[in-house]
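Let me begin by presenting the structure, written as structure tokens, before commenting on it.
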Amino acid sequence: MNRRIRFSKAFVVAGAAIVSLTILAVSSRAYAQERVEGVFNGHRIIYPESSIPKPGQHHTNYFFVDSDQPSAGPPAGVETPGSVACVYQLVSGPAGCPVATSTAVPTGGWGAVALVDAGDYPNAASDLAAFSSYYGLPAPDFTIAYVGNKTPPSYGDWEVEEALDIEWAHAMAPNAKVYLVVSKLCATGTCDTDPFWSAVSLATKLVKEAGGGVISMSWGDPEWSGETKYDSYFKNKKVVYFAAAGDSGLGVSIYPGASPNVVSVGGTYFNRDPDGNFTYESYYTGGGGGDISPYEPRPAYQDGVENVVGSQRGYPDVGSDFCCAPIYLNGAWYAVGGTSWASPTFAGIVNAAANEAKGSVAELTMMYDELAIPAEYAADFNDITQGASQCVVGFNECDGIGSAKTYAGK
């Protein structure tokens with residue numbers, strides 16, 4: 001039975017890219033108990049309950065594409081590790097980077113990539129191995145770590161998030177050790193508590209012990225006045241932290257993506273011609289994230305973009321493809337999208353770049369410094385200027401500096 005509701009700011013969208021949003025009660029599927037539906041570029045998109053923002057609760061940032069039902073093989077129309085790597089010039093690929101023939105996959109990676117999530121995912125290792133085998137990726141060096149060595153319950157929708165995170169981080173940095181660090185969900189009504197922050201601390205410890213690397217967090221919570229006391233969780237000179245910018249369009253703030261100690265990753269979209277050739281990359285209108293934080297002051301690395309951000313922290317810092325990706329989950333395939341895909345993908349690219357920046361601020365400073373050198377900036381980043389009026393040349397509120405072009409400057 002459908003029931004229409006009024007949407008909060010979190011689901012107000014720009015233009016007419018996403019239309020006919022309706023909340024649906026669902027009982028036929030193990031994952032989405034409640035969902036929001038919409039349409040983008042001819043795709044039916046379905047936000048699960050875990051991705052519906054609720055104040056005081058961390059939420060995921062993914063959606064199902066066309067169907068939330070399992071399929072025997074990767075759904076039609078999704079990108080692959082090879083096609084993404086081809087578009088971003090991480091591998092040598094065919095002209096136009098068609099999905100079907102872009103089969104070369106990344107080979108880099110060092111230290112560790114940790115993905116912080118919530119809920120037990122019993123089939124994580126076997127699903128990651130199957131995904132890797134299907135796309136010709138190396139067998140993963142994979143470990144699950146539980147906060148306090150206690151296995152939490154499974155949270156249904158969050159298993160989709162966990163599969164997305166580990167599979168695409170490994171796809172972009174296949175030689176790095178992969179950790180899935182699992183927490184309980186924070187208490188109803190507030191995320192100003194553990195255990196999520198303990199999970200971040202555990203992930204930091206594991207990445208440090210592996211020699212360094214990156215951590216990706218695809219979840220978030222609407223910004224709140226007390227968030228700044230958690231910024232210290234993302235300070236470590238062995239770790240670069242990444243977070244999803246959110247899927248609710250421009251002007252909807254989300255933490256930890258708003259932290260100045262985190263690389264915030266927004267969403268883009270690969271436009272392809274009728275023959276399947278990549279043509280250009282644009283901001284994912286109405287869903288790729290982006291805001292000016294009301295609580296975090298402008299960090300020094302953004303002094304050069306004061307004309308855009310003013311006195312406050314602006315984000316995202318970078319963008320990455322947002323729709324649409326295959327995942328292998330519990331023996332079946334699904335198509336998903338969201339900045340939940342963008343964050344682990346960009347984190348994996350930075351890991352594989354192997355610049356080994358001394359923490360997030362060092363990584364962000366290196367990337368923002370490129371803006372002052374036009375030739376280097378043009379060579380190392382795709383400047384995203386289409387999709388919304390805010391997508392101006394150079395740094396903008398849509399996708400920050402832009403998306404990855406080669407491993408240089410990352």
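Rule-based calculations on the coordinates, nothing more; no lab input. Bear in mind that the values here come from a model prediction, so they are computed numbers and not experimental data. Virtual Cβ from ideal backbone geometry, glycine too; neighbours counted across all protein chains shown.
Structure notes:
- Near Lys358, once Lys and Arg are set to +1 and Asp and Glu to -1 for all other residues with Cβ below 14 Å from its Cβ, the sum equals +2.
- Using R0 = 41 Å, the C-beta based FRET efficiency linking Lys235 and Val392 works out to 0.85.
- Using 0.36 nm per residue and subtracting the Cα-Cα separation, the extra length available between Met366 and Val39 on full extension is 114.0 nm.
- Prolate/oblate/rounded label for the range 198-283 (Cα gyration tensor, a/c 1.5): oblate
- Rule-of-thumb Rg ratio for the range 220-332 [Cα; 2.2 N^0.38 Å; N residues]: 1.20
- Of Ala114, Ala354, Ala243, the one that fluctuates the most in a GNM where the chain has Cα springs shorter than 10 Å: Ala354
- Among Lys205, Lys229, sorting on how many other beta-carbon atoms sit within 10 Å of each Cβ, with the fewest leading, yields Lys229, Lys205.
- Rounded to the nearest angstrom and listed largest first, the equivalent-ellipsoid semi-axes of the range 331-398 from its Cα gyration tensor are 25, 20, 10.
- All other residues whose Cβ lies under 14 angstrom from that of Val99 are scored, Lys and Arg at +1 and Asp and Glu at -1, for a net of -3.
- Across the range 260-321 the C-alpha pair distances fall into 10 Å bins from zero in the proportions 22, 40, 24, 11, 3 percent.
- Filter on Lys205/Lys237; Lys177/Lys205; Lys229/Lys410 - keep pairs with C-alpha separation over 21 Å: Lys229/Lys410
- Extended-chain gain in nm, criterion 0.36 nm per residue less alpha-carbon gap, Asp141 and Asn277: 45.6 nm
- Packing rank of 67-73, 295-301, where each peptide gets the mean count of other beta carbons within 10 Å, highest leading: 295-301, 67-73
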